[in-house]
Amino acid sequence: MPVIHTHVSVPTTQEQRDTLKNLFGQAITAVPGKTENWLMCLFEDNVPMYFGGSDDAPVAYVEVNVFGTSVPKSAWEKLTPQIMDALQNTLDVPADRTYIRYTGTADWGWNGGNF
């Protein structure tokens, strides 16, 4: 049950969101036991964002949330460049203007219940 929530300061097209969704679907397999089959992707574009006090270049903030609290750090380390490359290649958001926040949780609801 992974979720990748992407906030970017630039506008996006349906095609770009589809591309990112596909790339994120491939990338999420870096996390043991996670696949695109359960991946939810949220995209928010045109978000007013400042990085280092400046809004003169594209910025991204990405939240990756997964069910489970024992994700190895190596999984996040593998996922980071894949997400950043996808944003750079699809939306021209540079890696040095991108933050990614990773969280795992033991509490996750779905389909009227909790896991």
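The values are calculated or read from the model by the stated rules, or taken from the named source; none is laboratory data. Small disclaimer: the values here were computed from a predicted structure and weren't measured. When we count neighbours, we look across all protein chains shown, and the Cβ atoms used for this are built from the backbone with ideal geometry, even at glycine. Quick note on the areas: whole protein, heavy atoms, side chains included, nothing else; ligands and nucleic acids left out. Shrake-Rupley method; radii C 1.70, N 1.55, O 1.52, S 1.80 Å.
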Percent antiparallel among DSSP beta bridges (both partners in the chain, rounded to 5): 40 percent
Under 16 Å from the Cα of Lys21 - lysines, other chains or at least 8 residues apart: Lys34
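Given a 1.4 Å probe, how much area per residue of the chain is accessible, in Å²?
Per residue, the chain has an accessible area of 57 Å².
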Cα convex hull volume per residue for the range 10-71 (Å³): 112 Å³
Summed residue charge, Cβ within 13 Å of Phe43's Cβ, Lys/Arg positive, Asp/Glu negative: -3
Loop sites in the range 4-59: chymotrypsin sites (Phe, Trp or Tyr not before Pro), DSSP, at most 10 other Cβ within 10 Å: Tyr50
Entry for P(r) over Cα pairs in 5 Å bins from 0, in percent (calculated from the structure that is shown) out of (i) 2, 11, 20, 23, 20, 14, 8, 2, 0; (ii) 2, 11, 23, 24, 17, 12, 7, 2, 0; (iii) 2, 10, 16, 16, 15, 14, 12, 8, 4, 1, 0: (ii)
Efficiency of FRET between Thr35 and Asn89 - r from beta-carbon atoms, R0 25 angstrom, step 0.05: 0.65
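When only C-alpha pairs under 8 Å and at least 6 residues apart count, what is the relative contact order of the chain, in percent?
Computed value for the chain: 33 percent relative contact order.
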Solvent-accessible area, 1.4 Å probe, carbon plus sulfur percent, for the chain: 49 percent
Nearest-20 debye value, the range 2-109 charge dipole, Cβ charges on Lys, Arg, Asp, Glu: 400 debye
